[in-house]
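Notes for the one structure printed next.
The values are calculated or read from the model by the stated rules, or taken from the named source; none is laboratory data. Everything numeric here is computed off the predicted structure, so don't read it as measured data. Every residue, glycine as well, gets a Cβ built from its backbone with ideal geometry; the counts of neighbours run over all protein chains shown. SASA here: full protein model, heavy atoms, side chains in, ligands and nucleic acids out. Shrake-Rupley method; radii C 1.70, N 1.55, O 1.52, S 1.80 Å.
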Amino acid sequence: MAILEDSGAGPLCSCNQSKVLADDKKNVARCIKKIEPKTPVRGSPRSKSSQGRVSSRLKEKSDDEMPSNGSKRKRLSDGLKNQVSKNDAKVLFVEDIGCRSDLKTGRNNGDARVNDSVMVKETLRVFTTFYLRFVQEEEKRCLKPKDDVHFSNGSENNNGNAYDDHAKKLTKRPDLKAISEMVRSNKILYCKKIGHLPGIKVGQQFLSRAEMVAVGLHGDWLNGIDYIGETCKMEEYRKFTLPVAVSIVLSGQYEDDVDNAEVGYAGQGGNGLLGNKRQIKYQVMCRGNLVLKNNMVQDLPIRVIRGHKCAGSYTHKIYTYDGLYKVDHCWNERSAFGFNVFKYRLRQIEGQPKLVTNQVDFARQLVSKGRSELNGLVCKDISGGQENICIPATNVCDVPPVVPSGFKYIKSNRVAKNVIIPPNAPGCNCKGKCTNAEKCSCARLNGNDFPYVHHDGGRLVEPRDVVFECGPRCGCGPSCLNRTSQQGLKYQLEVYRTKDKGWAVRSGDLIPSGAPVCEYIGILRKSDELDNVSGNDYIFDIDCWQTMNGMGGRERRLRDVSIPSSNHAKERNDHISENGPEFCIDAGLYGNVARFINHSCEPNLFVQCVLSSHHDVRLARVVLFAADNILPMQELTYDYGYELDSVTGPDGKIKELPCYCGTADCRKRLY
């Protein structure tokens, strides 16, 4: 049994939660003037019936079962899947969202409302949006010219780096700013609550304490014990002797734990202020020590979260929810320094899932196996060396194992003979890298700002109707921030065989939300020429123009962009009807890793239209971005965006197919 120490004083009561980050809010004030809270990032339905989405490729079918009219097409999904209707959207962020446990869900009473896991996911997406906006503000501030920075002494220091020192001193934490904004706008999902939180499963992992605060798993971003204070006035807690603990964060390592179901916890207080954990006085029964004792006396459960080092996380730590524990023993013993300290023993409540091996391995950040050691390896690199990172393929389902076949891997789009690509658009005059949004002409097309932040190698702040990136005629180089989606694969992807969905794709790396994963590559064709294509499951319609104009019931995203007038886009596209896009990408015979990514009703990727070499939205590039923080070995998915009853067979009858995505919000029926 490992003995783990608390990291400090306990938090304030939930009634005084707004005071926890009071100091940080002062720093947020000036940013809030520029960053008004926007609608939480949600999916944009392709049709007015948001439940009428289907996938053409969720289960491989025999040739005689495939529709022969070639009507099965992927449609460009313009955002994260919309999990709720317009009426139900109000449920997500009602006043006093902390009482989310009182909201009715479909699982409880048959009411067609968003499920709990989706609520958690949507809340984390809102947090990420706020977080990246504040990261963007910080990057702007730190990139200001020296002339814009005023120093008290009016001169640089002896090393000539006064600006750098100034930037470091003023660096603020965007995660805490994001939490402050969520508290201010009442978007924290759960308030102080004892026991399990709906939608958060044992083993779920978070990349920061701020994320746990956002969903209410652990309501204190700094200290190890989160508790309900004596001043709490909530009616449901009047029957308890307060204060009582709701959760604790352990900072030990798994290799220190003999039994994962038993935890030793050292009390708080009596430490010196030098950070050496030296005990300088006796601990007293107050604060965290008292709440743990009160939980033991009243037999109340405590949520336990384990924190571990993680190089892939922006906080260099990862936190895993380990379920409910109870304090079954408390004692006082003399420490090595001669002072009495409190010790507590917590045991996991029986009947809960145990942390599985892959979660433990990930928390320890074990070195990944070499590609040649992958179980079921059938191909070391399906790209044949074209990508800057090898893409292995594995198959443990088929006997004998087969390899991905029937296509040729290409890294960039090919163009059909009758498709004319517009000439390269005028570029910006920036040198090296684009840093000044006021002077960069490409940034002006994006609403006078860059859509990306440098954080984690480049992340999209939030989905847009279209993103304008720098192109061939720009003065900046290939490492420019505004070329983020053009910089090739950054994460280790693996194509693997599944039992019921054919081939699929997963990542061997942690992919942060907003990061580009891959581009959908194939042959650019005219959509009206696909009527004779039979059984092609890899057609991706480019409906960027329809999305931007809200055609066909489409719901527009953030639209801080301006189509260049010289492009005559409006005049050229006035003839486009709501029936469908003019161009598509056909990855049937030629394509890249994106052709293997499956559909899901709760996807972790979203589709973003990107314009770089030209500004014709009808021929926009299709790039898949991470909608959530995607942990290693998770399948990558996006919403194909099919309309219900959109596929007919050769006999003219509507075809149907069950959905195999397996999510809690699965629409069950496909086409």
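Determine the relative contact order of the range 413-498: mean sequence separation of Cα pairs under 8 Å and six or more apart, normalised by residue count, in whole percent.
The value is 32 percent.
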Q) Considering only Cα-Cα distances, which of the following residue pairs are longer than 31 Å: Lys193/Lys343; Lys192/Lys668; Lys201/Lys408; Lys309/Lys343; Lys121/Lys343; Lys317/Lys439? A) Lys192/Lys668; Lys201/Lys408; Lys121/Lys343; Lys317/Lys439
Q.
Relative contact order for the range 445-486: what percent, with Cα pairs under 8 Å and sequence separation of 6 or more?
A. 41
Q.
Once you keep just the Cα pairs under 8 angstrom separated by 6 or more residues, what percentage relative contact order results for the range 381-460?
A. 15
Q | From phi via Karplus (6.51, -1.76, 1.60), per-residue ³J(HN,Hα) for the range 123-134 in Hz, x at Gly/Pro | A | 5, 5, 5, 5, 4, 4, 4, 4, 4, 5, 5, 6
Q) Which order, highest average first, do 180-187, 616-623, 347-354 follow once you tally other Cβ atoms within 10 Å for each residue and take the mean per peptide? A) 616-623, 180-187, 347-354
Q. Going highest first, how would you order 437-450, 390-403 by mean Cβ packing within 10 Å?
A. 437-450, 390-403
Q: Figure the gain on full extension for Ser251 and Arg347 (residue separation times 0.36 nm, minus the Cα-Cα span) and round it to one decimal in nm.
A: 32.9 nm
Q) What order do you get for 308-315, 228-235, 127-134 when each peptide is scored by the mean count of other beta carbon atoms within 10 Å, highest first? A) 127-134, 308-315, 228-235
Q. At a Förster radius of 35 Å, what calculated FRET efficiency corresponds to the Cβ-Cβ distance of Cys397 and Glu262, to the nearest 0.05?
A. 0.35
**Q.** With eigenvalues of the C-alpha gyration tensor scaled by 5 and rooted, the range 379-466, Å
**A.** 38, 20, 13
Q) With all protein chains present and a 1.4 Å probe, how do His455, His329, His316, His218 order by accessible area, largest first? A) His316, His329, His455, His218
(Q) Using a Förster radius of 56 Å, what is the FRET efficiency between Lys309 and Ile420 based on their Cβ-Cβ separation? Nearest 0.05, please. (A) 0.55
Q | Gain in span if fully extended, Asn186 to Glu529, counting 0.36 nm per residue against the direct Cα distance | A | 118.4 nm
